[in-house]
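One structure is given below, encoded as structure tokens.
Read the figures in this text as sums done on the coordinates, not as results from a lab. All of these numbers come straight from a predicted model, not from anything done at the bench. Positions of Cβ are backbone-derived with ideal geometry, glycine not excepted, and every protein chain shown enters the neighbour counts.
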Amino acid sequence: MNAIEIKGLTKHYKDFSLDKLTLTLPTGCIMGLVGENGAGKSTTIKLILGMIKKNEGTITVLGKDHTIMDKEDIGIVLDEVGIPDCLNVVQVERIMKNIYKKWDSEVYNSYIKRFDLPLKKKFKEFSKGMKMKLGMAIALSHDPKLLILDEATAGLDPVVRDDLLDIFTEFTRDETHSILISSHIVSDLEKICDYIAFINKGKLMLCEDKDALYEQYGVVHMSCADFEAISPDAIKGKKITPYGVEAIVRRDSIPEGVKFSPISIEELFVFMVKEARV
């Protein structure tokens, strides 16, 4: 059973469309949903969670249609943690215990201690990093099998982001656990993700195993004349300068004797987005 299966997912707005998105998140893995602001990442997550209605396509979560999935099995952290400003950490738990049947106070309090969150301070007085940590503590304290995270690391300082990335890695050490995380901070996702899905202007540009991307593509620096020998189908993105061409291409298309460098996922994403703008 896959954690998430999306087929032909479409959502139309007046000035934007998510167009026939198809992707699969295998159980036990982390998938990074990468794209510029406005690319369709949050729309995809809202559709999965049933917060908005799709126009076409199917969404399966943990083996069930997303409209009947067991919300107990899903831990959710959105870019804005929806906790009333007047509540403190202790009061939040009193409420959550009555919402989730599998709520675990011991787990919750262990994360509160680990994150060094104040017990009596009101939520409105929390920093953005503290708010996100509280959101993570809640999401992880009712025995979820799947975490869905929308820009959970955006706007956080590097130390807080690194703390959260460690938490995500720990969560998926259990092979029954999976994570879908959206972000425009590609370097964060590169550290932890097994799969990378690029979305640009509502279209899925690529969805691949991260290690396969490293193996399949390389960065070349060539003269314009030499570059013409490479098949256009093998080119994922290019930058033409007065000194020649810098491009990301499939390694099997690189002419013999031409040197290439390994890619980073961030380089691949930037090159692909710029190529799509041409």
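Annotations for the structure displayed:
- Most mobile of Gly135, Gly155, Gly32 in a GNM of the chain (Cα contacts under 10 Å): Gly155
- Full-stretch length increase - Glu266, Glu175 - with 0.36 nm per residue and alpha-carbon distance subtracted: 30.1 nm
- Relative contact order of the chain, defined on C-alpha pairs under 8 angstrom at six or more residues apart (%): 22 percent
- The 3J(HN,Hα) values that the Karplus relation (6.51, -1.76, 1.60; θ = phi - 60°) gives for the stretch 91-97 are, in residue order, 5, 4, 5, 4, 6, 5, 4 Hz. Gly and Pro appear as x.
- DSSP beta bridge pairing in the stretch 213-277, given as percent antiparallel to the nearest 5: 100 percent
- The computed semi-axes √(5λ) of the Cα gyration tensor in Å for the structure shown corresponds, within [x] 73, 20, 16; [y] 30, 23, 18; [z] 38, 21, 17, to [z].
- Along the stretch 170-178 the Karplus relation, 6.51 cos²θ - 1.76 cosθ + 1.60 evaluated at θ = phi - 60°, assigns HN-Hα couplings of 4, 4, 8, 5, 7, 5, 8, 9, 9 Hz to successive residues, with x for each Gly and Pro.
- Above-threshold pairs, the threshold being 26 Å between Cα atoms, out of Lys97/Lys145; Lys210/Lys238; Lys7/Lys102; Lys46/Lys121; Lys14/Lys238; Lys128/Lys236: Lys7/Lys102; Lys46/Lys121; Lys14/Lys238; Lys128/Lys236
- Once both labels are positioned 7 Å from their Cα atoms along Cα-to-Cβ, the gap between Asn55 and Asp70 label points is 3.5 nm.
- For Lys259 and Asp116, the difference between the fully extended length at 0.36 nm per residue and the C-alpha to C-alpha distance is 46.6 nm.
- Cα gyration tensor shape of the stretch 213-277, rounded if a/c is under 1.5, else prolate or oblate by comparing a/b with b/c: oblate
- Ranked by the mean number of other Cβ atoms within 10 Å per residue, highest first, peptides 268-274, 86-92 order as 268-274, 86-92.
- Coupling constants for the stretch 264-274 follow from the phi torsions by the Karplus curve (6.51 cos²θ - 1.76 cosθ + 1.60, θ = phi - 60°), and in residue order they are 10, 5, 5, 4, 4, 5, 4, 5, 5, 5, 5 Hz; glycine and proline get x.
- Peptides 207-219, 184-196 ranked from most to least packed give 184-196, 207-219, packing being the mean of other C-beta atoms within 10 angstrom over each peptide's residues.
- Bridge type composition, the chain - antiparallel percent by DSSP, nearest 5: 65 percent
- Low-density loop positions, GluC sites (Glu not before Pro), the stretch 3-90 - DSSP coil, at most 12 other Cβ in 10 Å: Glu80
- Most mobile of Lys203, Lys122, Lys145 in a GNM of the chain (Cα contacts under 10 Å): Lys122
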